[in-house]
Amino acid sequence: MKVWSIAFNTFRENLRDKLLYNLLIFALLMIGSSLILMRLTLGEFHRLILDIGLGSINFFGVLIAIFIGIGLVSKEIEKKTIYTIISKPVARFQFLLGKYLGLSVTLLINTAIMTAGLLAVLYLQEVPVHGVLFKALGMIMVEFMVITAVALLFSTFSSATLSAIFTLAVYVIGHLTPDLKAFGQKMDGLSQTVLEGMYYVLPNLERFNLKGHVTHQLDVPVSDLLIITAYGITYTAFLLLLASVIFQRRDFR
Amino acid sequence: MDTAAQPVVEIQSLKKVFHVGFWGRRVTAVDGLSLEVLRGEVFGFLGPNGAGKTTTIKMLMGLIYPSSGTATLFGQSIGDPAAKAKVGFLPESPYFYDYLSSREFLRFYGHLFGLWGTALERRIEELLELVGMTHARDLQLRKFSKGMLQRVGIAQALINDPELIILDEPMSGLDPIGRKEVRDLILRLKESEKTVMFSSHILHDAELLCDRVAMIMKGKLVACGLVSDLVGQNATQSVEMVVEKLGPESLEHLRPFTEKILLQGNQTLLVLKDQHHVRQALDLVRVAKGDLVSLTPHRSSLEDLFIRKAAGLEPRLQEAA
Ligand SMILES: Nc1ncnc2c1ncn2[C@@H]1O[C@H](COP(=O)(O)OP(=O)(O)OP(=O)(O)O)[C@@H](O)[C@H]1O
Ligand SMILES: [Mg+2]
């Protein structure tokens, strides 16, 4: 219950963030830009619109997760609002979890709005919608959960700017992990160890990417979705645990 | 219930060292502090700027960790949620979520204590009434003045009907009326058998309110005890005398009895060393045909103790450096 109170308060705080609206408007503009595209050959046209739409939702959602995520904890410490929370019978991990869930709710609603935008574009451009689209959106949401946890973890021990850089790096490299391993195998010695280490430690974000399935109308079995979701949840839980351990030791000064 | 005074707050050789700057320069904010706050008392925690009051209080509230030493609240080690449930806390110059109205704000903090529903709503109305903020119940906190924030801050500290209330400079930012209201509030809390610990620079308030005070300087305890004892310890009272029409040569006669002589126009301010010199001084004034304007005994106060302790500490610290 305490966790949800903190989550709800975080959600209200997010709603007051101008950045959120700016990013949301940009995302909708990007998605809407497909409306002015000329009709190319039919198959490619559909593919392009879905590609742009899912790409925009993913990209802007990640930006929201990162740029609001890095401020979740650091702002509370900076503004000293955390003093009155931690001095109440609230464990530090409960505070962290509440902040995390609050932003997750914000992201869920944002994704819903961006999805509505995409659906409107698809309808107007007469692009058929298949069930796999919603599966892909679900996996994008799971990816947001992981990225938010990464941002939260970094923000428990580094400055907002550094946290943003680190999280962006994780996002970019996380989408390259399969290449990372292949690339590492061509190297030798230390470079190979480092690249393989990164392959195993960083999240494999490409697993959440089902854009290819959507554009090629290939269905994804539910069992695969469950495995991917389980992977995301496990990874997130691990990140939040690590964040709690670090946060527990911090002085608020 | 056991009425024998038992410690609610127990601090033992508490120490906090901060590492500041790139090189991690060590700053000892609290240095081997030990003290107890007893059940049902109003305890003043006094000291000049940078003495370590806020640092100590933050350690008690589990916001920062001691470098060494221990502290307990209700016998439970600090940071224990069970202990925190019985404590109310007002931070120094409080910062709150400024997009909330006072009611939403108090509701949020109520939830953190596991309070919900009508019982909580009733408590919120009571508290807004108590701190005189009923008129601003639906106003967002960012539209509040500093004193108004301080008031909802105090309401926030009382939301769980705490047994122990820790206030870091509760009077700061308040006008004289507000300060009196806070004083009355503290006395009312004492009447309802709560324990109050507050920090302050305003020694006058502490003297009016506190059963006991602790004075710290540079992180170390320099005095602790009943206000009456501390003030009594240095009962040598000085007397201020203002006279008119006194010639320079009669001033010379008076000089042996005085600590200080100040000329202000045709008036002269004489600070007599103690009350035993009053009669001799008055005789001399009469002989010199001077007029007595006023005679004020200067009651010794916490402030004198404070200033003496501060002065006494300086040379020692310079030696150490
Ligand atoms: N976050 C911090 N980092 C480094 N040093 C600190 C920090 N907070 C406090 N200090 C140092 O610790 C000492 C005590 O500070 P503290 O805030 O506890 O004093 P205080 O008694 O509350 O003073 P005031 O009456 O001005 O509020 C000061 O020398 C201060 O410089
Ligand atoms: Mg202070």
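Values quoted throughout were computed directly from the atomic coordinates according to the rules given, and no laboratory measurement underlies them. Computed from a predicted structure; not experimentally measured. Here Cβ is always computed from backbone atoms with ideal geometry, including for glycine, and neighbour counts include all displayed protein chains.
Quick notes
- Computed from label points 7 Å out along Cα-Cβ, the spacing between B:Asp80 and A:Ile113 is 4.7 nm.
- Averaged over the residues of B:106-114, the number of partner chain Cβ atoms lying within 10 Å of the residue Cβ comes to 5.
- The convex hull drawn around the Cα atoms of chain B, when projected onto a plane and averaged over every direction, covers 22.4 nm².
- Amide H contacts under 5 Å for B:Ser34, placed H, 5+ residues apart: B:Ser13, B:Leu14, B:Leu221
- Shown for chain B are the DSSP H helices of 24 Å or more along their axis, judged by Cα atoms, with a mean Kyte-Doolittle hydropathy of at least -1.0: B:302-320.
- When each of A:Lys80/B:Lys309; A:Lys99/B:Lys15; A:Lys75/B:Lys220; A:Lys80/B:Lys16 is checked by Cα-Cα distance, pairs over 30 Å: A:Lys80/B:Lys309; A:Lys99/B:Lys15; A:Lys75/B:Lys220
- Shape call, the protein assembly as shown: gyration tensor on alpha carbons, a/c limit 1.5: prolate
- For peptide B:57-64, the mean count of partner chain Cβ atoms within 10 Å of a residue's Cβ comes to 4.
- Within the shell defined by Cβ-Cβ distances under 10 Å, the residues around B:Leu100 carry a net charge of +1, with Lys and Arg each +1 and Asp and Glu each -1.
- Taking other Cβ atoms within 10 Å as a rough exposure proxy, A:Leu205, A:Leu190 sort from fewest to most as A:Leu190, A:Leu205.
- A Förster distance of 25 Å, applied to the separation of the beta-carbon atoms of B:Leu262 and B:His204, puts the FRET efficiency at 0.60.
- Chain A shape via C-alpha gyration tensor axes, a/c threshold 1.5: oblate
- Here the spin labels are modelled as points 7 Å beyond Cα on the Cα-Cβ line, and at B:Asp138 and A:Phe134 they lie 4.0 nm apart.
- Cα Rg over Rh - region A:187-253, Kirkwood: 1.16
- Note on A:His175, B:His298: ascending count of other Cβ atoms within 10 Å places them as B:His298, A:His175, the fewest first.
- Residues of type aspartates and glutamates that A:Lys135 reaches as a straight line, Cα spacing below 19 Å, ignoring anything fewer than 8 places off in the same chain: A:Asp51, A:Glu143, A:Glu206, A:Asp219, A:Asp224
- Peptide A:12-24 has a mean of 1 when you count, residue by residue, the C-beta atoms of other protein chains within 10 Å of its C-beta.
- Positive minus negative residues near A:Gln94 (Lys, Arg vs Asp, Glu; Cβ under 11 Å): +4
- Taking only alpha carbon atoms, region B:89-194 gives an Rg to Rh ratio of 0.93, where Rh is the Kirkwood radius.
- Its residues counted as N, region B:238-298 yields a C-alpha radius of gyration over 2.2 N^0.38 Å of 0.95.
- Helices in chain B, meaning DSSP H runs of at least 4 residues, each add -39500 (n - 2.57). Divided by all residues, the mean residue ellipticity at 222 nm is -10500 deg cm²/dmol.
- Region A:230-248 versus region B:84-129: alpha-carbon centroid distance in Å: 30 Å
- Across all Cα atoms of region A:87-138, the radius of gyration (one decimal) and Dmax (whole number) stand at 17.4, 56 Å.
- Packing rank of A:141-153, A:5-17, B:35-47, where each peptide gets the mean count of other beta carbons within 10 Å, highest leading: A:141-153, B:35-47, A:5-17
- For B:Met217, the residues 5 or more places off, or on other chains, whose built amide H falls under 5 Å of its own are B:Val222.
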